[in-house]
Amino acid sequence: MLVASVLWGTTGTAATFAPQVGPLAIGAAAMGLGGLLQAAVAGRSIARFRAGLRARWRTVLVGGAGVALYPLAFYTSMRLAGVAVGTVVSIGSAPLASALIERAIDRRRLSRRWTAGAALGVAGTVLLCAAEAAGAGSGSGPGSDSAVRTVVGVGLGLLAGVTYAVYAWAAHRLITHGVPSRAAMGSVFGLGGLMLVPVLLATGAPLVASWTNAGVGLYMALVPMFTGYVLFGFGLARVPVSTATTLSLLEPAVAAVFAVLVVGERLPVLGWAGIVLVVACLGVLTVPSRRTRPRSLRRAGSGRTAAVPAPSDGAGDAVDRRVTSPPTAATEHRTVDPANGPAGV
């Protein structure tokens, strides 16, 4: 998941090497071609699990729409508000959107650890955004020529964050209901890629106007989009979508560093403080911790105990739940749901 975030963090910088190509063409080429390639690689898996995908076609459709809308909003946001602000707003708003989706649809309770990590990450992205806005206000930032452009760019960044959360949730939902990661990601991104083909045909002429532009388009499709989202799908099979989108907060930090080192943008102290908070967020979510058994389970019954491994909570934690043998009234009716863990916990 973190490697995927690093790859995604290079997209804004890469796009600056093709200034003649519009954001719609860049987005359609990156996510469209990358999505179609994912579908082609996952073709056998999609065919094998077509019954499960057909049964959840609404989820696939919603996810595909999210894939199609995300790059159009994301790259236009960066073009209008600047690389750092566009990336920060788009990715920084995704964890909150994911949390609301999981809470409203999946009835998932968010842990204190996730809340602490998300708070650090969002605070870091806010500082990065403030640093870029300060640069724009002094005349050195890309958005200094028009406040309206910056406001529209921020609005499109929020839309990108919501659509990112939507397709991440759709892919995760398919995976947790028995569809393998390759088939789930291939179907969702393949459908999104098909939706982006008309946009690419209408706006993509500058991509073939020079070798540089074509190279940027191929890099965006093959490295951050195809490779990055293969890794993202691998991670979605192991962590909740809210944790996955929170871990992706590394992307704006990487984008800001590349903007400084490659593009030549200046990042004030406030921006570096934001990067430190983002790194702290990742530490909170990824460093394993130990948990003790719930007190009610420690008191239930006596005699020989058998360990039953619990599913991961998405942040590296695992709980060793123990039930007594023979079962008592507190444990004899407990069942284990592969998707949601032990019932009643």
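Below are the figures for this structure:
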read-out: Residue in segment 49-58 that is among the small types (Gly, Ala, Ser), more than 24 Å from Gly92 (Cα to Cα) and in contact (Cβ under 8 Å) with a residue 24 or more places away in the chain present; value: yes
read-out: Helices (runs of 4 or more DSSP H) fully within segment 190-260 counting 2 or more residues that are open to solvent by 10 Å² or more (accessible area, probe 1.4 Å); value: 211-220, 228-236, 250-258
read-out: Answer residue from segment 2-35, given it is surrounded by fewer than 22 Cβ atoms within 10 Å (Cβ to Cβ), in a loop (DSSP other than H, G, I, E, B) and not β-branched (Val, Ile, Thr) and is modelled with the highest pLDDT among those; value: Gly22
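The rows are residues; the columns are (1) aliphatic (A, V, I, L, M); (2) open to solvent by 20 Å² or more (accessible area, probe 1.4 Å); (3) in contact with a Phe, Trp or Tyr (Cβ under 9 Å, 6 or more places away or on another chain); (4) over 24 Å from Met225 (Cα atoms).
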{"position": "Arg79", "(1), (2), (3), (4)": "no, yes, no, no"}
{"position": "Ile91", "(1), (2), (3), (4)": "yes, no, yes, no"}
{"position": "Ala99", "(1), (2), (3), (4)": "yes, no, yes, no"}
{"position": "Arg103", "(1), (2), (3), (4)": "no, yes, no, yes"}
{"position": "Arg109", "(1), (2), (3), (4)": "no, yes, no, yes"}
{"position": "Thr115", "(1), (2), (3), (4)": "no, yes, no, yes"}
{"position": "Ala119", "(1), (2), (3), (4)": "yes, yes, no, yes"}
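A quick yes/no check of all residues on (1) within 18 Å of the chain's Cα centre (by Cα); (2) at pLDDT 75 or above; (3) basic (Lys, Arg):
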| site | (1), (2), (3) |
| --- | --- |
| Glu132 | no, no, no |
| Ser144 | no, no, no |
| Leu156 | yes, yes, no |
| Ala170 | yes, yes, no |
| Arg173 | yes, yes, yes |
| Ser187 | yes, yes, no |
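The values are calculated or read from the model by the stated rules, or taken from the named source; none is laboratory data. These numbers were taken from a predicted model, which means no experiment stands behind them. Note that we place each Cβ from the backbone using ideal geometry, even for glycine, and neighbour counts take in every protein chain shown. Note: accessible area is taken over every heavy atom of the protein model, side chains too, but ligands, DNA and RNA are not part of it. Shrake-Rupley method; radii C 1.70, N 1.55, O 1.52, S 1.80 Å.
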